[in-house]
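Down below is the structure, laid out as structure tokens.
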Number of protein chains: 2
Amino acid sequence: MESTSSLPWIIPVSSIIALGFAYFFFKKMMKNSEGTDRMKEIAQYVREGAMAYLKRQYKVVGIVFAILFIIFVILAIMGVQNPFVPIAFLTGGFFSGLSGFLGMKTATYASARTAHGASQSLNKGLQVAFRSGAVMGFVVVGFGLLDIALWYWSLNYIYDNNIFGLGLKVAHELGLTGSDAIWSLDYITNANWIHTKMVHITTTMLTFGMGASTQALFARVGGGIYTKAADVGADLVGKVEAGIPEDDPRNPATIADNVGDNVGDVAGMGADLYESYCGSILATAALGAAIAMHDGQFNDKFILAPMVVAAIGIIASIIGVFMVRTKDDATAKSLLNSLLVGTAGSSILILIAIVGMAYLGWFGWGIVGSVVSGLAAGIIIGQGTEYYTSDGYKPTRGIAEQALQGPATTIIDGMAVGMYSTWIPIVTIVAGIIASFGFAGGFTDFAHGVYGIGFAAVGMLSTLGITLATDAFGPIADNAGGNAEMAELPKEVRERTDALDMLGNTTAATGKGFAIGSAALTAMALMVAYLEEVRLWLAKVPELGADFIDKTGISSLANADIYNFVDYYNLNVFNPILLAGLFLGSMMSFVFVAMTMKAVGRAAGAMVEEVRRQFREIPGILTGTATPEYAKCVEISTIGAQREMLFPSLLAILVPIVVGLIFGVAGVIGLLMGGLVTGFSLAVMLNNAGGAWDNAKKYIEKGNFGGKGSDAHKAGVVGDTVGDPFKDTSGPSLNILIKLMTMVSVVMSGVTVVYSLM
Amino acid sequence: MESTSSLPWIIPVSSIIALGFAYFFFKKMMKNSEGTDRMKEIAQYVREGAMAYLKRQYKVVGIVFAILFIIFVILAIMGVQNPFVPIAFLTGGFFSGLSGFLGMKTATYASARTAHGASQSLNKGLQVAFRSGAVMGFVVVGFGLLDIALWYWSLNYIYDNNIFGLGLKVAHELGLTGSDAIWSLDYITNANWIHTKMVHITTTMLTFGMGASTQALFARVGGGIYTKAADVGADLVGKVEAGIPEDDPRNPATIADNVGDNVGDVAGMGADLYESYCGSILATAALGAAIAMHDGQFNDKFILAPMVVAAIGIIASIIGVFMVRTKDDATAKSLLNSLLVGTAGSSILILIAIVGMAYLGWFGWGIVGSVVSGLAAGIIIGQGTEYYTSDGYKPTRGIAEQALQGPATTIIDGMAVGMYSTWIPIVTIVAGIIASFGFAGGFTDFAHGVYGIGFAAVGMLSTLGITLATDAFGPIADNAGGNAEMAELPKEVRERTDALDMLGNTTAATGKGFAIGSAALTAMALMVAYLEEVRLWLAKVPELGADFIDKTGISSLANADIYNFVDYYNLNVFNPILLAGLFLGSMMSFVFVAMTMKAVGRAAGAMVEEVRRQFREIPGILTGTATPEYAKCVEISTIGAQREMLFPSLLAILVPIVVGLIFGVAGVIGLLMGGLVTGFSLAVMLNNAGGAWDNAKKYIEKGNFGGKGSDAHKAGVVGDTVGDPFKDTSGPSLNILIKLMTMVSVVMSGVTVVYSLM
């Protein structure tokens, strides 16, 4: 029987509450003053640049979405695509884009206000920046869960009322007989019918993640190229060649640089985590539906549980945000502590709620263990990132010391630190996977074990509302610093925004831990959910289904377990086809990174030329008597990013399709596993090497190893410049690549099953 | 029945012929003059430095071997290690080391003679360098095949004559009865007995690869650290800071630099390819024994065929060496062509011989297809490497162009080129694996398919005698150039040695293609052979064997096929334990690279200090009135390499053992696959990025983008310096890491099967 608990109402309710609070925080932030006219003017420049860029990006993305939509419609008509996919694809993309858009809009309004707040007190600055970050946090979780809830109840309604004849289709698939007239009385109470319906619904919903991850990839890659082209251009010519400080108004690329922080770090990150958030919930729900089906007696708690956990997480995050309070004379360290109180408080609330859910029978105690494993893994990865990238520890200081011997040794040492640093996240994620699997399934029950892995991801992301707030906080503080510098505010204001910026770097490290950790767990759960899609398509194509039943010797497709799929599709590592996929997945990670780095290089090259041209042709810039043409630089970054993001993004969509068509299911699984395993290491390496170089440079700037202007500092700047595309373009994009390739495979599973050559 | 063909005699005979020709080429080379007294003196310095280093390296390696030998003996007494392993381990290590030692000894004698030859004519220089390289080529294949032949016939003799009671042990294992008295008459003709004996023999022989790969790893890592510490030190202080040219006698690190070419590129490469050569033959033989057993009627051609192919390859290579002839007025291009005539001629001869073997029934026509796939894959990978690293093409020129904007963009672009370049080798190796599998097994017969993959590796390496000659040629020419420079020979001599050096860079690219391609194919074949080891240990531990038979439902262990192993050990990619292994394997690649790069950094740092000290404390060096203390630099590199090589090498040995003990067979397979897939991409990236940076710098030095001394050139030098440890330490070591981890797993399979926790 379906659950009669009223708890599921928390799902839509909490998502609306989240959106309400986002609006509330936005309004509150807007009440703060933007400061002087100069500050307003600068903020306006950045806002306009960011909006102009997003408009262009959405235009390109819109075209890609339109083309994919048409392809999905054609495939649906051909009968190898779920008919809801075209719409699900669009809504996923829409909400993901909307989350990024609103988050970014907020950020661009918040930067001058944060600078103004910081001119009053550190605490005031923190409050404005943090609450603005919270807008994005709650927009993401609010829209994410709302979209899921809408789809879930709509699809249930459609199937239960036989709209489009879908209810009867399921009935016929099961071989149930009866006339259309007695539809609602007859089938809707049949246990087999309910099971099958639920599998249909959850696997359909899964595909809506592809829209979100396509949008996210474009946002990350496009934003990443934009921000780094501007940054590299500003640094190489402004800082190194002309010798003017960061964010100096004389630097023509400085506005573009500040725009970049918004479009890359804010909008890109919002879209990225929107996708992880929805993906983890949906994959876990699909795995839950499969369990419910196997267990025979239907219980929709298996499907609703991850959504309920997410909903509780929203409430806990809101409470957490209000726990972040500081005194007016707070130091940077006490600021960090107050942020930690917020996130730790939310986590504890969620744990209590989950224990309560286990007590109420929503899931077994093993799942509690899985969620704890996920939460712990996220925290450990974050701390590991902090160790390898913060200037408080040996690795980053070592890089700074190597800078004494020039840029070459700085690069070698930074690469080595990045590569070394893979061990903590990998050992942690391995432990997290095994623990969450073991807790939930006791190593004997695969289906429950993987369900546990899904919950580890859901648990890790349940506090997203507040962790994203602490994460979006960073670029806002960074921009506030830029605003203060350009508006020539007193030195202590810049010092305060710098303190906030450094705090942001620390929380960003933790945030990155959650992002990469949840991506790995989500991808793992999605791959298993992929097999559920395959099962569905086997059921829809009778001769394939019959072949499967024949060769595996099972009684019906519904009874097929993981081992039957392994047998039938030869999903062992010795299958040369699967091995081919593993190699290709590994290759995809490297080639994708190469493409995004090349793209940054080309876009940055154009920016370097332009900044040099302005210094050369507009004589008064360096003396401060002439205004640089900021808009030109904004334009160059925009066009560069727009042109360069297309090819790598399309490759990420096309490769899984082509591999599926040639190598079939085993090839796809290999590709996804290879991409996950290599991509994870590579992403960690890129993120951490980049972060370490950045902080090594800052450590030198603090006066160590010769300080600013020394040869060591120049070497440090080279390291930082190399690290920029590593940590802000390629590394974070790889995160999405892993998920997008999986999502594309899920969505195209019908085509793979029916048309593959092997 | 065992084969009665007399063809197998070619195996020991050709290996002795190879050693004879090696001696002949060595004697002939020694007849050439070493030139002026100054040239002799310099060559003597380099020779002494190299020998001093090797002595120290062998001391450390000797201690490691002694400890491992004792551990193996203890394990053998405990019954979880094959009793022949301790000795096999030592002989493998001994011959591998001996090959490297003799190759290097020859190279150090050849450099001054090559320089002297080049002072007469380009062709004369080529002949001396190439024939000297051939010494190493034939030493490697000669000792490799001789060792295999000795073991094969000795073990057959031991089993057939029941020495140590081994023959009867096999008989008892099979449940055959009878008294010891009628031993030779009774059992030795029993088909089952012969099968089982052969499986015992081939799997025993397989383990001798561990000695070879342990030796190879130390040689590559130690030599790689040595050579790059010296190179980076010489470049950073000598070229960049003091502004003196490469190989200038005023540079204190220049002798160490030349010693490094010998200990790293010659001795290291020799040991590396010795291991690949033996590994591919032995793995294929073990797979052949398994097939023979399954097929029921025993035919030792399955086991001997890969050895016969290798033996034919030796003869073909010798003929090929004599085909390398040029006119006295040859240009660099015609030199390359004459080398190509040699290698292509050998390849064609081998193909004809293989067709003949198929005709005589040594193997099916599918195997011919597999060998061709392997040969073709090696050539394509070599050409791809050439495209991405030669200054004749866009990628390298693009890096040179980026150098105009400084070191940061040079690094970013070079990284991108390296990552991009992974696509050709990976697509090729994927195609090679699938083609060789398909040809030999038609996608339905796994055992024959994998046997085909083994033959692809054997085929690729069959021309090793001559390809290694063209490969070792490079460092010899490089040293000859150093000798010419230091001895202040006329400018045209240096130009000729430079032409030879560039030719060496081209052939090295092809050589690297063979090295990495064969490593991947060999590792793949070894992993399947690993399961044969597991089968053997299951047979030796009755309760484990019974459990296996019980759970898989087969009639006897001998009948277990790959799918039974997949079922029993859950070797599918969804098994979290195997997935954990995949992640850890990926991590191992990154961490190992980080360690070797850090090691180079530390050793190079010490060298930089020393060179700076000498310039500072010995006033006359730069004016040429005082001699630098060369020996001090040699000493520093030696001590640095010796200290730094230990930890990464031990890690490579320990990790597979620990993973096996914790995670069991599935974890080990995951680790090896993850290491193979990520390590392959990473090695290609490191090798090609390093090569491209090197050539981009040289391209600038030719006068492009500002030429020598320009800012672009300085940026190019930074790129080259970063690339040095990439391409000469970490990249090539990764090659061996992949194979060594597999070998360790093979050797420790008994411990894993009996003691693993999971």
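The values are calculated or read from the model by the stated rules, or taken from the named source; none is laboratory data. Here the structure is a predicted model, which is why all the values come from computation and not from measurement. Note: ideal-geometry Cβ built from the backbone for every residue, glycine included; neighbour counts use all protein chains shown. Surface accessibility is based on the protein's heavy atoms, side chains included, excluding ligands, DNA and RNA. Shrake-Rupley method; radii C 1.70, N 1.55, O 1.52, S 1.80 Å.
Restrict the check to the range A:236-257 and report whether at least one residue is under 30 Å from A:T742 (Cα atoms) and either more than 14 Å from chain B (Cβ to nearest Cβ) or in contact (Cβ under 8 Å) with a residue 40 or more places away in the chain (or both).
no
Among the numbered criteria (1) of a type in the set (S, T, Y); (2) over 15 Å from B:Y630 (Cβ atoms); (3) open to solvent by 60 Å² or more (accessible area, probe 1.4 Å), which one does B:S14 miss?
Looking at each condition in turn, B:S14 falls short on (3).
Name the one entry in A:V573, A:V534 that is surrounded by 24 or more Cβ atoms within 10 Å (Cβ to Cβ) and without any contact (Cβ under 8 Å) to a residue 24 or more places away in the chain.
Exactly one of A:V573, A:V534 is surrounded by 24 or more Cβ atoms within 10 Å (Cβ to Cβ) and without any contact (Cβ under 8 Å) to a residue 24 or more places away in the chain, namely A:V573.
Is it the case that B:L340 is within 26 Å of the chain's Cα centre (by Cα) and free of Cβ contacts under 8 Å to residues at least 24 places away in the same chain?
Judged against the criteria, B:L340 is a match.
For the range A:589-602, state whether one or more residues are modelled with pLDDT under 90, surrounded by fewer than 24 Cβ atoms within 10 Å (Cβ to Cβ) and more than 7 Å from chain B (Cβ to nearest Cβ).
yes
Can you say whether B:I453 is within 21 Å of the chain's Cα centre (by Cα) and in a helix (DSSP H, G or I), as far as the supplied structure shows?
Yes.
Out of A:V199, A:V221, report the one residue that is away from chain B (no Cβ under 14 Å), surrounded by fewer than 24 Cβ atoms within 10 Å (Cβ to Cβ) and part of a helix (DSSP H, G or I).
The unique qualifying residue is A:V199.
Criterion first (surrounded by 24 or more Cβ atoms within 10 Å (Cβ to Cβ) and over 16 Å from A:P475 (Cα atoms)) does A:N258 satisfy it?
no
If you go through the range A:672-692 one residue at a time, how many are more than 12 Å from A:P425 (Cβ to Cβ) and away from chain B (no Cβ under 11 Å)?
Count: 3.
Hey, any hits in the range B:354-371 for a residue that's open to solvent by less than 30 Å² (accessible area, probe 1.4 Å) and under 23 Å from B:N505 (Cβ atoms)?
Looking through the range B:354-371, none of the residues is open to solvent by less than 30 Å² (accessible area, probe 1.4 Å) and under 23 Å from B:N505 (Cβ atoms).
Counting only residues that are within 15 Å of B:N82 (Cα to Cα) and of a type in the set (F, W, Y), which one in the range B:512-550 is nearest to the chain's Cα centre (by Cα)?
B:Y530
Of all residues being open to solvent by less than 10 Å² (accessible area, probe 1.4 Å) and more than 8 Å from chain B (Cβ to nearest Cβ) in the range A:603-613, which is farthest from B:A416 (Cα to Cα)? Just the residue, please.
A:V611
Let's see how each residue does on (1) open to solvent by less than 20 Å² (accessible area, probe 1.4 Å); (2) in contact with a helix residue (DSSP H, G or I) (Cβ under 7 Å, 6 or more places away or on another chain); (3) within 14 Å of chain A (Cβ to nearest Cβ):
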{"site": "B:A416", "(1), (2), (3)": "yes, yes, yes"}
{"site": "B:T422", "(1), (2), (3)": "yes, yes, yes"}
{"site": "B:V427", "(1), (2), (3)": "no, no, yes"}
{"site": "B:S462", "(1), (2), (3)": "yes, yes, no"}
{"site": "B:E488", "(1), (2), (3)": "no, no, no"}
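Can you name the helices (runs of 4 or more DSSP H) wholly within the range A:692-758 that have at least 2 residues being within 18 Å of B:M415 (Cα to Cα)?
A:711-725, A:731-747
Let me confirm something: among B:V64, B:V73, which residue is under 24 Å from the mean Cα position of the chain (by Cα), modelled with pLDDT of 90 or more and farther than 20 Å from B:Y277 by Cβ?
That would be B:V64, the only listed residue that is under 24 Å from the mean Cα position of the chain (by Cα), modelled with pLDDT of 90 or more and farther than 20 Å from B:Y277 by Cβ.
Taking into account only those residues within the range B:542-576 that are more than 7 Å from chain A (Cβ to nearest Cβ) and among the aliphatic types (A, V, I, L, M), which is farthest from A:F443 (Cα to Cα)?
Filtering first and then ranking leaves B:A558.
Could you list, in sequence order, the residues of the range B:393-412 that are under 29 Å from the mean Cα position of the chain (by Cα) and either within 9 Å of chain A (Cβ to nearest Cβ) or open to solvent by 20 Å² or more (accessible area, probe 1.4 Å) (or both)?
Listed by number, the residues that qualify are B:Y393, B:I411.
Of these, A:T497, A:T467, which one is within 21 Å of the chain's Cα centre (by Cα) and among the polar types (S, T, N, Q)?
Step by step, each of A:T497, A:T467 is checked, and only A:T467 is within 21 Å of the chain's Cα centre (by Cα) and among the polar types (S, T, N, Q).
Cβ-Cβ distance below 8 Å, separation of 6 or more or different chains: which pairs start in the range B:351-363 with a residue that is more than 15 Å from B:V458 (Cα to Cα) and end on one that is open to solvent by 60 Å² or more (accessible area, probe 1.4 Å) and of a type in the set (A, V, I, L, M, F, W, C)?
Note: pairs meeting the criteria are B:A358/B:W365.
Filter the range A:714-728 for residues that are crowded, with 24+ Cβ neighbours inside 10 Å, farther than 13 Å from A:T389 by Cα and more than 9 Å from every other protein chain (Cβ to nearest Cβ) and give the result.
Matches in the range A:714-728: A:G716, A:D728.
Quick check, is A:A508 open to solvent by 10 Å² or more (accessible area, probe 1.4 Å), assigned to a helix (DSSP H, G or I) and under 23 Å from A:L682 (Cβ atoms)?
yes
Is it true that A:F65 is touching a residue at least 12 places away in the same chain (Cβ under 8 Å) and touching a Gly at 6+ places or on another chain (Cβ under 6 Å)?
Judged against the criteria, A:F65 is a match.
Please work out which residue is nearest to the other protein chains (Cβ to nearest Cβ), limiting yourself to the range A:699-713 and to residues that are under 15 Å from A:K394 (Cα atoms) and open to solvent by less than 60 Å² (accessible area, probe 1.4 Å).
A:I700
Only one of A:L651, A:L661 is within 12 Å of chain B (Cβ to nearest Cβ) and touching a residue at least 40 places away in the same chain (Cβ under 8 Å). Can you tell me which?
Exactly one residue qualifies, and that residue is A:L651.
Find all pairs meeting these conditions: Cβ atoms under 7 angstrom apart; at least six residues apart or on different chains; first residue within the range A:27-50 and aromatic (F, W, Y); second residue in a helix (DSSP H, G or I).
A:Y45/A:I255; A:Y45/A:Y630
The rows are residues; the columns are (1) farther than 30 Å from A:M524 by Cβ; (2) at pLDDT 90 or above; (3) in contact with a His (Cβ under 6 Å, 6 or more places away or on another chain).
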{"site": "B:D547", "(1), (2), (3)": "no, yes, no"}
{"site": "B:S556", "(1), (2), (3)": "yes, no, no"}
{"site": "B:D567", "(1), (2), (3)": "no, no, no"}
{"site": "B:L571", "(1), (2), (3)": "no, yes, no"}
{"site": "B:N575", "(1), (2), (3)": "no, yes, no"}
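Before we move on, is B:Y58 part of a helix (DSSP H, G or I) and under 23 Å from B:A652 (Cα atoms)?
For B:Y58, the condition - part of a helix (DSSP H, G or I) and under 23 Å from B:A652 (Cα atoms) - is met.
I'd like to check something: does the range A:29-38 contain any residue that is closer than 21 Å to A:T227 by Cβ and among the small types (G, A, S)?
no
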